[in-house]
Structures are given as structure tokens and as C-alpha cells.
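The values are calculated or read from the model by the stated rules, or taken from the named source; none is laboratory data. Bear in mind the structure is a predicted one, so any value in this text is a computation, not a measurement. Here the Cβ positions follow ideal geometry from the backbone for every residue, glycine too, while neighbour counts run over all protein chains shown. Keep in mind that these areas ignore ligands, DNA and RNA; they rest on the heavy atoms of the full protein, side chains included. Shrake-Rupley method; radii C 1.70, N 1.55, O 1.52, S 1.80 Å.
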Amino acid sequence: MSVPLFDITRQNSTLESSLVRRATEVIRSGRYILGPEVEAFEREVGEWLGISHCLYVSSGSDALVMAMMALDIGPGDEVILPAFTFFATAGCVHRLGARPVFADVCPVCFNLDCDSLLDRISPRTRAVIPVHLFGQTANMTAIRAICGDRGIAVVEDCAQSFGARHRGEMSGGLGTIGTFSFFPTKNLGGFGDSGLVTTTDEGLYQRLRRIRQHGMEPKYYHREVGGNFRGDPLQAAMLREKLPQVSDYLKSRSENAAAYHELLGRLPGVSIADEKDCSCPMDTKRIGADSKIVLPVAYSHHLHTWNQFTVRIANGERDSLLHFLREREIGCEVYYPRTLGEQECFQAHQPDPCPVSSALAGEVVSLPIFPELRRSEIEEVVAVIRAWLETP
Ligand SMILES: *Cc1c(COP(=O)(O)O)cnc(C)c1O
């Protein structure tokens, strides 16, 4: 039986008639740029997240660019971010002429390692972008303390963490600015590209609003240079239909993760990562000698949203498992096969080494976890992994 890594049609087909109705309303309204649908979505998503100011924008990548622009990041500035994340987190910094500085990550939670962050801080550091990778928040308590003391801005990349909480607090409201993506694979999946910028600072909100429309205020008077970063009413209307379902989606993701923990956790040679904070000593973070597969852990003080279920494979055997899964039509993907510091486009920066990130790039595999995944499909994934473990 083949199992897809991700299938958004299962989710959207159950809402099809109401989605079509919402889209039809927008088509008939003749209002295709900003306007009441976008404002309603911003209000509703703000209520859901409990964050005062939300702006619906063109993509998660653009949300990051806007955040950098609103903080006046530019040439001569440095912005620290994890070496192990999607490219957009670094691209936004480079695009504004600033220098992305790559810090290493924790192999237990995959997020920014605070010792490495401290090591990378220089007098030029203007901002830090913690990424809540795979749906679990970075150590925001430590990151905020480190940055707050030094006047460094914190931009949370929440592209994968819609709905995640850090010690009870919602991601996206924990730093200076938060950025989200509604790319179809994210926790709240849209119908194309769009994203969100969040802040609790009124002044930054007004600035971000201007930046979204060419720095314009009032109409045709430009106080600064912004861009066209607007989200469309058509998608805003459809996302309004999906927003009330997100809690159920997150619950299903978490049940799927629990099923993997239960079924895979029983197999010999499989362990669950130890819950430790990001600043745990390096040598406790290695894959145990007797484990071939380490399952991801949800820290008890966080609400993990399981955007991805990413396991680590020891002994250089990752590609063997990948091949085995693909041959048996089990959807899987490597997020991410190369660290940012190792990307060709950043070689001129001579990035510092990030050994944990480099190791992870060779160890990780993400398995199907989307909300509509069936129990029988999880069992099939587990059966194939068991067969791989039993192969001499
Ligand atoms: C998806 C993603 C982005 C970019 O979002 P888009 O909407 O695709 O532009 C940024 N950062 C991370 C960590 C992501 O996973």
C-alpha cells in the first residue's frame, strides 16, 4: 500500500461546498485587492492567535522580508539565524544587503542552540530569527533574555508553527515581529502562496502596513520604499473557512505523532529523543550507541504542532532507509539535506561551521503526519520501517 507524504485534497474536499461558496462571494463582490475579506481574516486570525496586530501578506517569505524592512536591517548589519531551516529565513536578510550569520541547532528539538547564538553575537548584530522548526518552538525564554539585554530584535519564523505554544504563550507573539506562511503544507494550508506578519507593537504595525503597499500613506504619497506584499481577498475568504478547523487539524497531527511514538517506539533499535533544553551539553545530544532511529520529542512545557515528524537515522544509514521507503511508495522527504552555511550562494560569507546542523542534514527523514492520515497508513509506514530494521 502506498502512503502519501501529504495530501491536502482529503482536507479540502470535506469543505468543498463552503469553500466554493466563499470564493463565489468574492468573485461576485468585485473587490479583489485588500478590503473587507482581508480585514475580516486579519481580525479572526488575530483572535485565534491572541495577537493584537496581524497583516495578511503575499507569502511567508515576503513576511520575513517585510519584517527585516520594518526593522531597518541593511548593509553592515548582521542577523543571526539557525543553519538548519528552510532557505527563506536567510534569503530575507541577504536580499536587504545584510549578512546572515548561521548559528548551530540543538539535535533534540532541531531549534537554535543558545550557546551557539551567544557565540555569534557581535556589535553588528541587529536581529535574531529563531525558527520554530517542524512545529515546536525554540527556547524563546532564553532567546528573549539574550536579545532583550542587548537591544537585539527577535523575529519569530512561525511558518511551521501556527498554533504552537511556548510555556503556554502563542508563537508569533513572543518576539518583536512574527511571520507565518499559509503554503499548502503548513498547519493552516491555503490555496497558493500567502502569509501573515504579526506584532504587538502599534508603531511597527503601522510601518508594516505601509511597507505592504509601497510605503504609501496616504494614497500616492510615499514616505519610504516598500513593495507589493498584499494577500488576496479570494484566499483570505477561503482561509476564513478553514481557520475554525485548525484546532482539529492540530489535534489529529498530535494523535498521529502519538501513534508513531507508540508503534515505532516498541521496535528494537528505536528510541525517543531525551527532553532537554537547547542549552544542554553537547555530548548528551548524540544518538545513543544502541539506537538506529531516534524519534522526535515534544517538550512537556511546549505545545508541539507536529508540522513534520522528523526522525534521525544513525550510522550513516539515512539514505538506505530513504531508498527503502521510496521503493515501497512510502512518502518521505529530507528537510533539509544541506545547511544554509553550505549553500553555494553563501560561500562568499565564509560561514562558521555548524557541526550539529551538518550532521542532521545527513541524518533526518520526515514521515507522513498530515491530519487526515489514516491509522492503517501509519501502520503501513511502521511495518516498512520494521522491515528495514530487520534487513541484515
Ligand atoms: C515555508 C517556510 C517559509 C516560507 O514561506 P512561503 O510562504 O513558502 O514563502 C519560511 N520559513 C520556513 C521555516 C518555512 O518552512
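For the stretch 52-134, list the helices (runs of 4 or more DSSP H) that sit wholly inside it and hold at least 1 residues that are more than 16 Å from the ligand (Cβ to nearest atom) and over 27 Å from V364 (Cα atoms); which are they?
Output list reads 60-70.
Only one residue in L196, L204, L208, L188 is aliphatic (A, V, I, L, M) and in a strand (DSSP E or B). Which one?
L196
Evaluate the following for R31: is it away from the ligand (no atom under 16 Å from the Cβ), open to solvent by 20 Å² or more (accessible area, probe 1.4 Å), part of a helix (DSSP H, G or I) and not aromatic (F, W, Y)?
For R31, the condition - away from the ligand (no atom under 16 Å from the Cβ), open to solvent by 20 Å² or more (accessible area, probe 1.4 Å), part of a helix (DSSP H, G or I) and not aromatic (F, W, Y) - is not met.
Quick one: which helices (runs of 4 or more DSSP H) lie wholly within the stretch 289-392 and hold at least 2 residues that are under 27 Å from I129 (Cα atoms)?
Those helices (runs of 4 or more DSSP H) span 355-363.
Picking from G178, G231, G203, G192, which residue would you name as being within 16 Å of the ligand (Cβ to nearest atom) and out of contact with any helix residue (DSSP H, G or I) (no Cβ under 8 Å at 6 or more places or on another chain)?
G178
Criterion first (open to solvent by 10 Å² or more (accessible area, probe 1.4 Å), farther than 18 Å from R207 by Cα, in a helix (DSSP H, G or I) and away from the ligand (no atom under 13 Å from the Cβ)) does E37 satisfy it?
yes
Tell me which residues, restricted to the stretch 158-175, are touching a residue at least 60 places away in the same chain (Cβ under 8 Å), open to solvent by less than 10 Å² (accessible area, probe 1.4 Å) and either aliphatic (A, V, I, L, M) or near the ligand (Cβ under 9 Å from one of its atoms) (or both).
S161, A164
Kindly check whether there is at least one residue in the stretch 144-161 that is in contact with a helix residue (DSSP H, G or I) (Cβ under 7 Å, 6 or more places away or on another chain) and more than 26 Å from P353 (Cα to Cα).
yes
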